[in-house]
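Take a look at this one; I'll ask things after.
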Amino acid sequence: MTQHTRAKSQVGTPDQFTPSGQIQFGVFFQGVNSGTIWKAPESGSQTDFESFRRIAQTAERGLFAAFFLGEGLRLREHLGRPHALDVVGRPDAQTMLAALASVTQNIGLVATQNTTYNDPADLAHRLASLDLVSGGRAAWNIVTTDNAWTGANFRRGGYLDHADRYKHAEAFVETAKRIWDSWETPDGPARRVLHEGQHYTVDVTPRLPRSAQYRPVLFQAGDSPEGRSFAARQADVIFSAHPTFDDAVEFRKDLVERSLAAGRGANAVQIMPASEFILAPTAAEAAEKKEWVRSLQIGPQQAIAYLEQFWGRELSAYDPDGPLPEIDPVVEETSETRGSGFHGAKARQLADQWRAEAKDKGLSIRQFVTSKTARIDSTFTGSYTAVADQLAEYARVGAVDGFNISPWLVPSGLDDIVNHLVPELQERGVYPTEYRGSTLREHLGLEAPVRSADGAVAAARA
Amino acid sequence: MSTFENPGFLAIELDGAGWDGADLTRAVLAAESAGFHAATFTDAPAPGRANALQRAAFAGPVSRTIALVPEVDTVYTEPFHISTQLASLDYVSGGRAGWIVTAAEAPGAAAAVGRSVVTGAALGQEAAASIEVSRRLWDSWEDDAVIRDVATGRYIDVDKLHYVDFRTPAGFAGPGYSVKGPSIIPRPLQGQLPVLAPASLIGGVPVEAVDAVLVSAPTPELLAAEVRDVRARVGAGVVVVAELDLVLDARGQAAAARGASFDGGRAAFAGSAASLTDFLADLLKEADGVRLHPASLFVDLEELGRLVLPELRRRRALRPVVQDGTFRDLLGLDRPASRYATAAAAPAGAGK
Ligand SMILES: Cc1cc2nc3c(=O)[nH]c(=O)nc-3n(C[C@H](O)[C@H](O)[C@H](O)COP(=O)(O)O)c2cc1C
């Protein structure tokens, strides 16, 4: 696991990008996925407030910058029915974060909220509310939600093509920024904000003043070129999916270029990839723990179900410990029915490719699926000291600004990180030893935002 | 009808606590320790007012017994979001959440979301549709849908999750819409959150769709009679709550001199704590509960907590506050079974 740290890569040119030499942690309470283990006896409720309180308070004890909640506005499905094998069902992000605001003091509260199924004035108001009740700790993780069936839950329906979603998102975010910037003085009053666009019209006199951190911090999660450029123009932090060292360095270079092209500084957008940690006192124990974690994440039924998504048919007759099914998929195009990341690959081609790959490597269905699940790439496995050394190298180079940790156990999943990894990192001088201030913007060391331009009606952009 | 053998409850509107977390905590704890049964959070557009549902959520973990009841608009907000936010409020408050449905003629709210303004009878239709969507989504996970069955690898029993397939009815005045479901959060702790609506909406909103009505009158003198009228109209199964603005003699100043201005279209009481106590004791014989809107939250709350509630309790006009009770418990409502629960699975004699 130390091969990444030996890479000699540097990021950008020194006059452009300056590594902070520090890393921050966030916790990503995903809720819905196969990463969170529910089968272990120590796994708690995924909906009770106490689970959330425990994770948030542990993270705060570990000086985490932020607590993240994901969002999904339609349940994942499998062969036309809700998917039964993973954790499913989670509270609304902002409602939960408002509750957590009253039992935490410092940690940032990040709500994943999508731009396609919300109204800008309403969402901006709710985020401003969260920012104020929390004393300047709110952030918005901007997502565009590209799965087609989510719209069936909304009055608007599924009204945007994938390609239009970022255009819409950008107009949405600019409108939100103008709403947050509209309060003239500490006592008000607010300027009226007007937007006329292709997808919606907004005419609102905002109700709330600026918070202690001026306005909510903006995170963005999306990885396509459009998504990255959008983040480079609009966001403070990008929630990436590139935690391995070389990938992270590449991603940093790409984002620095995009930030400069957008007319912002090379350090303007911070990077916090999603990640998973499997830690123990020794490397051998960590490796053993990883086996155990994976066996609970991808059990026999999950392995079969994973293939069924791509085969488009029931495969329950197949032995999870045997080879991949020899029968062919029934669909031409695979569809994203469970929120996983594979689009449009020709199913038959994919099946042939996978069968060959599994045969080549001598993998059973279960082993193959375990190797295919994306989380493998985002996992730091090892002893506390080895992983701390590894992360210190990320900090030195500036590959990332921090990691969004997805605990595989709720609610105790951060305990070993906070109790053992954080002190190791502090000893190495790469992790905060106290909160820098009281707002999320201060924790992250972000500049106060430039007030967005005035103007009666913004040019129609979307 | 409420009598001293069947005492009532008191709710307090916490609007004056603003957006600051410390003020909100202070207000909800003051209301809870004063013995109020419920706190409400108003949400009509006004400068300085943060989102009601989030203020209620913030109050959840710092309080213990008081019900938390935000106003949430049904006309210009997405029903799916409303439903999941309210269900989440129920989780973060341990089953103490309720919902005051609002549907107002609001050109500003319409312009903010780029829709044409909804008026008249169409308001009731919008509200009714939103309530129906929420209720179906709350039921869309049966209570025991999360099974965590390690042997079969199933976290949920898919047979206990249901598509709600809501469609606005024929003759719907606004743009029709549909909602597929199921909810993205398991069934709320209370099963169904209590739904409260202003009596003026009843008709447009079927009375069976609500658990309680809020009754207003132009003056305090007319309030009891109005409560009786509404009770006759809505029937015995619906909780009746009277709305009252108030300003009390406080801190050496007469109520009249405190310069309160009320514009909520509600009966407004001005006077001493003792005369308010008498007034409420009488009113609670007619109404199941009273929602108080103090002119100045902290000043009037102090008087209420010190003088009014203790005396009302002494006169046995108030229900005891139940530790770890739900809002439904307070209102005397059963916990209903999910409408989608199969007959075989439903516990005998469960709910409506
Ligand atoms: C690290 C990461 C986390 C994400 N989390 C969520 C989420 O919680 N909810 C959601 O709807 N989409 C989430 N997304 C999806 C993105 O918002 C976006 O819809 C998707 O990545 C497609 O956009 P892209 O083509 O630019 O990558 C996430 C994406 C990334 C990279």
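Would you check which residues across the stretch A:144-159 are within 12 Å of chain B (Cβ to nearest Cβ) and β-branched (Val, Ile, Thr) and list them?
A:Thr150
Further question: Cβ-Cβ under 6 Å, sequence separation 6+ or interchain: first residue in the stretch A:203-228 and more than 14 Å from chain B (Cβ to nearest Cβ) and without any contact (Cβ under 8 Å) to a residue 24 or more places away in the chain, partner within 13 Å of the ligand (Cβ to nearest atom) and not in a strand (DSSP E or B). Which pairs?
Listed by first residue and then by second, the contacts come to A:Asp223/A:Ala241.
Can you pull out every residue in the stretch A:101-143 that is out of contact with any Pro (no Cβ under 6 Å at 6 or more places or on another chain), farther than 21 Å from A:Tyr166 by Cα and more than 9 Å from chain B (Cβ to nearest Cβ)?
A:Thr104, A:Gln105, A:Asn106, A:Ile107, A:Gly108, A:Leu109, A:Gly136, A:Arg137
Of all the helices (runs of 4 or more DSSP H) wholly in the stretch A:90-195, which have at least 3 residues that are open to solvent by 20 Å² or more (accessible area, probe 1.4 Å), within 16 Å of the ligand (Cβ to nearest atom) and not small (Gly, Ala, Ser)?
A:162-180
Please state which one of A:Ala231, A:Ala241 is of a type outside the set (Lys, Arg), at pLDDT below 95 and under 14 Å from the mean Cα position of the chain (by Cα).
Exactly one residue qualifies, and that residue is A:Ala241.
Starting from residues that are more than 10 Å from chain B (Cβ to nearest Cβ) and of a type outside the set (Gly, Ala, Ser), keep the ones in the stretch A:64-75 and report whichever is surrounded by the fewest Cβ atoms within 10 Å (Cβ to Cβ).
For the stretch A:64-75, the residue satisfying everything is A:Leu69.
When the residues of the stretch A:385-394 are narrowed to those that are of a type outside the set (S, T, N, Q) and farther than 11 Å from A:Val249 by Cα, which ends up most open to solvent (accessible area, probe 1.4 Å)?
The qualifying residue most open to solvent (accessible area, probe 1.4 Å) is A:Asp389.
Please go through the stretch A:267-303 and pick out each residue that is open to solvent by less than 20 Å² (accessible area, probe 1.4 Å), within 14 Å of chain B (Cβ to nearest Cβ) and within 23 Å of A:Leu421 (Cβ to Cβ).
Listed by number, the list holds a single entry, A:Gln297.
Additional query: Could you list, in sequence order, all residues of the stretch B:45-96 that are more than 10 Å from chain A (Cβ to nearest Cβ) and open to solvent by 20 Å² or more (accessible area, probe 1.4 Å)?
Answer for the stretch B:45-96, where residues must be more than 10 Å from chain A (Cβ to nearest Cβ) and open to solvent by 20 Å² or more (accessible area, probe 1.4 Å): B:Arg64, B:Thr65, B:Glu71.
Name, by its number, the condition in (1) in contact (Cβ under 8 Å) with a residue 40 or more places away in the chain; (2) at the interface with chain B (Cβ under 10 Å from one of its Cβ atoms) that does not hold for A:Ala98.
A:Ala98 satisfies all of (1) in contact (Cβ under 8 Å) with a residue 40 or more places away in the chain; (2) at the interface with chain B (Cβ under 10 Å from one of its Cβ atoms) except (1).
What residue, of B:Leu196, B:Leu189, is within 14 Å of another protein chain (Cβ to nearest Cβ) and over 23 Å from A:Gly151 (Cα atoms)?
Of the residues listed, the single one that is within 14 Å of another protein chain (Cβ to nearest Cβ) and over 23 Å from A:Gly151 (Cα atoms) is B:Leu189.
With the requirement that a residue be more than 10 Å from every other protein chain (Cβ to nearest Cβ), part of a loop (DSSP other than H, G, I, E, B) and either surrounded by 20 or more Cβ atoms within 10 Å (Cβ to Cβ) or not small (Gly, Ala, Ser) (or both), what does the stretch A:39-61 give you?
Selection gives A:Glu42 alone.
Would you check if there is a residue in the stretch B:63-76 being under 17 Å from A:Asp122 (Cα atoms), assigned to a loop (DSSP other than H, G, I, E, B) and of a type in the set (Asp, Glu)?
No: zero hits.
Output the number of the condition that B:Thr40 fails; it satisfies all remaining conditions of (1) within 12 Å of chain A (Cβ to nearest Cβ); (2) in a strand (DSSP E or B).
Just one mismatch for B:Thr40, condition (1).
Now for a different question. Considering each residue of the stretch A:215-234, count those that are more than 12 Å from the ligand (Cβ to nearest atom) and open to solvent by less than 30 Å² (accessible area, probe 1.4 Å), and give that number.
Selection size over the stretch A:215-234: 6.
The values are calculated or read from the model by the stated rules, or taken from the named source; none is laboratory data. What you are looking at is a predicted structure, and each value in this text was computed from that prediction instead of being measured. When we count neighbours, we look across all protein chains shown, and the Cβ atoms used for this are built from the backbone with ideal geometry, even at glycine. Heads up: the accessible areas ignore ligands, DNA and RNA and are worked out on the full protein's heavy atoms, side chains in. Shrake-Rupley method; radii C 1.70, N 1.55, O 1.52, S 1.80 Å.
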